[in-house]
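What follows draws every value from the coordinates through simple rules; no lab data is involved. Note that this is a predicted model, so its numbers are computed, not measured. Note that each Cβ is placed from the backbone with ideal geometry, even for glycine, and that neighbours are counted across all protein chains shown.
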Amino acid sequence: MTDETGDNSREASPRKPRTRGPSPEKTAQTRSCLLNAALDEFVENGFAGAQMSRITERAGIAKGTAYRYFPTKAALFEGVVAEFMAPLISGIGPPEPRADESVGDFLRRSLIPVMTTIETSRRADVARLVLAEGRNFPFIVQAYRREAYDRTIDFVRAAARIAMERGELTDDRLLRHPQLIFAPLWLAMIETGILVPDAPVSGAELLAEQIDLIFPPRR
């Protein structure tokens, strides 16, 4: 058809209505379902044996949707570590005991509550997965150290330094080996998840006992 000026033109096609993306709440829910399904798959089949198809089936989402969140299986594993370990770091807070609070009491107040849920929060599953798979997949260890392990060790080392400055510790063993605080916790995770699963050990209780040994409670 020719208009009055003689130019040829096509009739404009109607614009397609814009489609709204998923809400932030829906996005967060999808991501959470994906990460929980991924942890289930990694725990049951290991990192090498885990399959994205099974993960997405568990989560009830399309495979393409999963890849929009995490482009590779390695990225998905790193997302699992970050997701499940973040509450640990935020729950502990900075190593800043109150002026009227001993370092031992500070460690009890900061560490024991978050470690009480180490099994139910599935943080222990993540830790055991790192132990099982870390030798073959070094990036798994790197992700765990970055998101959790190194931060907790730095936290205890800083607390030990404060205790020495205050005279609450008489030697530097905890400063040199901050791993001493968490050693019973790792033992509990190994016993509960691997060695003696029918008789679970409370990591929080062992942690409390260890803190008491290093920082005897005030009488």
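Checking the a/c ratio against 1.5 first, then a/b against b/c, what shape does the Cα gyration tensor give for the range 25-71? Prolate.
As a calculated quantity, the FRET efficiency between T72 and S23 at R0 = 25 Å, using C-beta atoms, amounts to about 0.40. For the range 84-93, 3J(HN,Hα) computed residue by residue from phi via the Karplus equation (6.51, -1.76, 1.60; θ = phi - 60°) reads 7, 8, 4, x, 5, 5, 5, x, 6, x Hz, glycine and proline entered as x. For the range 121-138, backbone phi angles converted through the Karplus equation (6.51, -1.76, 1.60; θ = phi - 60°) give residue-by-residue couplings of 7, 6, 5, 5, 4, 4, 4, 5, 5, 4, 4, 6, 10, x, 5, 7, 10, x Hz, Gly and Pro being listed as x. Net length available on complete extension from I190 to R219 is 7.1 nm, with 0.36 nm assigned per residue and the Cα-Cα distance removed. Pull out a ≥ b ≥ c, the square roots of the eigenvalues of the alpha-carbon gyration tensor of the chain, then state rounded if a/c is under 1.5, prolate if not and a/b is larger than b/c, and oblate in the remaining case. Since a/c reaches 1.5 and a/b is larger than b/c, the shape of the chain is classed as prolate. Measuring r between the beta carbons of N45 and A99 and using R0 = 45 Å, the FRET efficiency lands at 0.35. In a fully extended conformation the segment linking K63 and I162 would gain 30.7 nm over its present Cα-Cα distance, using 0.36 nm per residue. Enter the Cα centre distance for the pair the range 53-80 and the range 101-157, rounded to the nearest angstrom. The range 53-80 and the range 101-157 have Cα centres spaced 24 Å from each other. You can think of it this way: the chain between V141 and R176 has 10.4 nm of extra reach, that is 0.36 nm per residue less the Cα-Cα gap.
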